[in-house]
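Asks: Below is a structure I'd like to ask you about.
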Ligand SMILES: [Zn+2]
């Protein structure tokens, strides 16, 4: 009963916020002064200040240019006026458009649904905000981030759910700036709409689903490229224990593209590093451990008293999961995995899906003790 009430409660919060599109600022990493806009699919209109409902045909070219403190709106080279706000929208269920910055000149992108543009007093360029249905946004993010990994719908369901978790946890991240999230890496990369069928299916077929912990909190879905065969406890990296981020044996990451790495470091540099950390490297036992450190039996957290996370950072290693051996005047580090190792291995998840596991099995494998709940009705 308690669970039922919480789910209902979540439903009402979400239903309220989902009654309209979410707002994602695009081209957020650029200072844009001029763009060209065109309808790609669907019947679009423009509202520009008090000019309402200008019908846009598919072949029309709309130019928006910042001039002084106004935006000059022209359609097919005839100027409509100088305005403050432009709303480019469609009432069609499926619609998308193309946007091309021409000052500076950048690659065109296509996005679903609607667009809102106004001048930003702070950064002095055009503020370009995609008002987009949640599923279209999530599919765009998944395609931007991992669209090329494989063609497996179950894998894209996993990814869409993780992106939905991020969205729901961070829905107010940029709210003081007038939008929910941006398209930059500090939020989630969102460089285009999705056009890959499997990605779109993944987002649609997992609609409204999120991952919650045993307290029904929407979890932070940490991930990395490859675990090297064993994931890492959150507490071993960040020193606070998180119930759903526990180390486990992960055979699915083995022999995937980022499974192995190798690095050679001059032995005297390697020894000096530990000496600088206050270790007596002339001591036989210490020296033996530094030159022959092994994690063949499983992941460790320290080499003598130096945290492996620190060594990884200082030597720019792909992971903390390595074994050391003397190699002429060098030491050779034989490493496994890529990334911090906490949470989901993306390559492992892809492998599980290829082997026929379903999306919820993948999620429950990498995140300990979680469950997937659906927090809204189909829109
Ligand atoms: Zn952001």
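The values are calculated or read from the model by the stated rules, or taken from the named source; none is laboratory data. Just so you know, these numbers come straight off a predicted model, no measurement behind them. Heads up, the Cβs are rebuilt from the backbone with ideal geometry, glycines too, and the neighbour counts pull from every protein chain shown.
Asks: Being free of Cβ contacts under 8 Å to residues at least 24 places away in the same chain and within 17 Å of residue 203 (Cβ to Cβ) is true for just one of 181, 93. Which residue is that? Full working, then the answer.
Replies: Working: 181 fails: free of Cβ contacts under 8 Å to residues at least 24 places away in the same chain.
Step by step, each of 181, 93 is checked, and only 93 is free of Cβ contacts under 8 Å to residues at least 24 places away in the same chain and within 17 Å of residue 203 (Cβ to Cβ).
Asks: Output yes when any residue across the range 146-169 is within 26 Å of residue 128 (Cα to Cα), at pLDDT below 95 and assigned to a helix (DSSP H, G or I), and no when none is.
Replies: Yes, the range 146-169 contains a residue that is within 26 Å of residue 128 (Cα to Cα), at pLDDT below 95 and assigned to a helix (DSSP H, G or I).
Asks: Let me ask something else about it. If you go through the range 181-199 one residue at a time, how many are over 14 Å from residue 113 (Cβ atoms), more than 8 Å from the ligand (Cβ to nearest atom) and in contact with a helix residue (DSSP H, G or I) (Cβ under 9 Å, 6 or more places away or on another chain)? Walk me through it before giving the result.
Replies: Residues of the range 181-199 over 14 Å from residue 113 (Cβ atoms): 181-189, 191, 195-199.
Cutting the leftovers down to more than 8 Å from the ligand (Cβ to nearest atom) gives us 185, 188-189, 191, 195-199.
Applying the additional criterion that residues be in contact with a helix residue (DSSP H, G or I) (Cβ under 9 Å, 6 or more places away or on another chain) yields 188-189, 191, 195-199.
Selection size over the range 181-199: 8.
Asks: On to the next question. Could you check residue 167 against (1) within 16 Å of the ligand (Cβ to nearest atom); (2) under 24 Å from residue 42 (Cα atoms); (3) in contact with a helix residue (DSSP H, G or I) (Cβ under 8 Å, 6 or more places away or on another chain) and say which number it fails?
Replies: Of everything listed in (1) within 16 Å of the ligand (Cβ to nearest atom); (2) under 24 Å from residue 42 (Cα atoms); (3) in contact with a helix residue (DSSP H, G or I) (Cβ under 8 Å, 6 or more places away or on another chain), residue 167 misses just condition (2).
Asks: A follow-up question, please. Only one of these is in the same structural domain as residue 59 (by TED's automatic domain parsing) and either surrounded by fewer than 16 Cβ atoms within 10 Å (Cβ to Cβ) or modelled with pLDDT of 95 or more (or both): 106, 119. Name it.
Replies: Details: 119 fails: either surrounded by fewer than 16 Cβ atoms within 10 Å (Cβ to Cβ) or modelled with pLDDT of 95 or more (or both).
Step by step, each of 106, 119 is checked, and only 106 is in the same structural domain as residue 59 (by TED's automatic domain parsing) and either surrounded by fewer than 16 Cβ atoms within 10 Å (Cβ to Cβ) or modelled with pLDDT of 95 or more (or both).
Asks: Taking the options 140, 178, 147, name whichever one is within 16 Å of the ligand (Cβ to nearest atom) and either crowded, with 21+ Cβ neighbours inside 10 Å or under 30 Å from residue 259 (Cβ atoms) (or both). Don't jump to the end; show me each part of the working.
Replies: On the way: 178 fails: either crowded, with 21+ Cβ neighbours inside 10 Å or under 30 Å from residue 259 (Cβ atoms) (or both); 147 fails: within 16 Å of the ligand (Cβ to nearest atom).
Among 140, 178, 147, only 140 is within 16 Å of the ligand (Cβ to nearest atom) and either crowded, with 21+ Cβ neighbours inside 10 Å or under 30 Å from residue 259 (Cβ atoms) (or both).
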